[in-house]
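Shown next, in structure tokens, is the structure this report addresses.
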Amino acid sequence: YLYPRKMTRYEYIFSEFQSGNITPFYERMYPELLLYTSRLLGDEYAFLTEDCVQDAIFQAYKRHGEFRSPLQWKVFIYTCIRNGVFSRLRKSRAQRNYLARIDDRDEDLSVSMIEQETLSLLYEAIESLPEKYRKIFDLSFEQGLRNAEIARQLEIAEITVKKRKARLIDLLKERLKGKLDDRSLELLLLLLFMQG
């Protein structure tokens, strides 16, 4: 896709989704949602993957006029998927056997839940930031662009990108303090911005 000038990939997909064109969503985001969901479900329940994702998409589409931003929309979809997965696992007759047999996988499932909770907290914090910092986050983390590429796209100096990125990290630390332990917070921010 060639996105309209100054529009990121997620902004474009979100805009099209909001207007009723879900083709870009299915072509660009659907595969990553399937992968995420199948990891949560594990091999035994992988057959439920598409059902969980489709349910989340349906819920998002029903409420498509309520979302104020691509970040809010994306967090909503991932949260719906997570809730759907755990609801299905709870309802399953084989749940006791499943939980008894997975020992090590139980820890993996918990890690996946923690990862998603952490991401939800992160996206909520990003949602509260001024637009210029949300844009830096999207270009740096979501799209993986280097500082020079971001500077060209935003038509600003590379030093300005570096300053905004540093300020973005400070703002995220402020907003996430008390919600994540210090070590998790530092590791998360390091992983997010190590490519910059």
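The values are calculated or read from the model by the stated rules, or taken from the named source; none is laboratory data. This one's a predicted model, so the numbers in the text were calculated from it and none came from an experiment. Cβ: placed from backbone, ideal geometry, glycine included. Neighbour counts: every protein chain shown.
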Taking region 42-60 and keeping only residues that are of a type in the set (D, E), surrounded by fewer than 16 Cβ atoms within 10 Å (Cβ to Cβ) and free of Cβ contacts under 8 Å to residues at least 40 places away in the same chain, one is left with D43, E50, D51
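Rundown of residues vs (1) modelled with pLDDT of 80 or more; (2) in a helix (DSSP H, G or I), yes/no style:
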| position | (1), (2) |
| --- | --- |
| Q116 | no, yes |
| L122 | no, yes |
| A125 | yes, yes |
| L129 | yes, no |
| Y133 | yes, yes |
| I136 | yes, yes |
| I159 | yes, yes |
| K163 | yes, yes |
Say we look at region 138-157 and pick out the residues that are outside any helix (DSSP H, G or I) and more than 15 Å from E11 (Cβ to Cβ); which of these is modelled with the lowest pLDDT? G144
Mind listing whichever residues of region 61-88 are crowded, with 19+ Cβ neighbours inside 10 Å and either over 13 Å from the mean Cα position of the chain (by Cα) or of a type in the set (V, I, T) (or both)? V75, I77, I81, G84, V85
Within region 4-112, which helices (runs of 4 or more DSSP H) (wholly inside it) include 1 or more residues that are modelled with pLDDT under 85 and on the phi < 0 side of the Ramachandran plot? 9-18, 23-28, 30-41, 70-91, 95-101
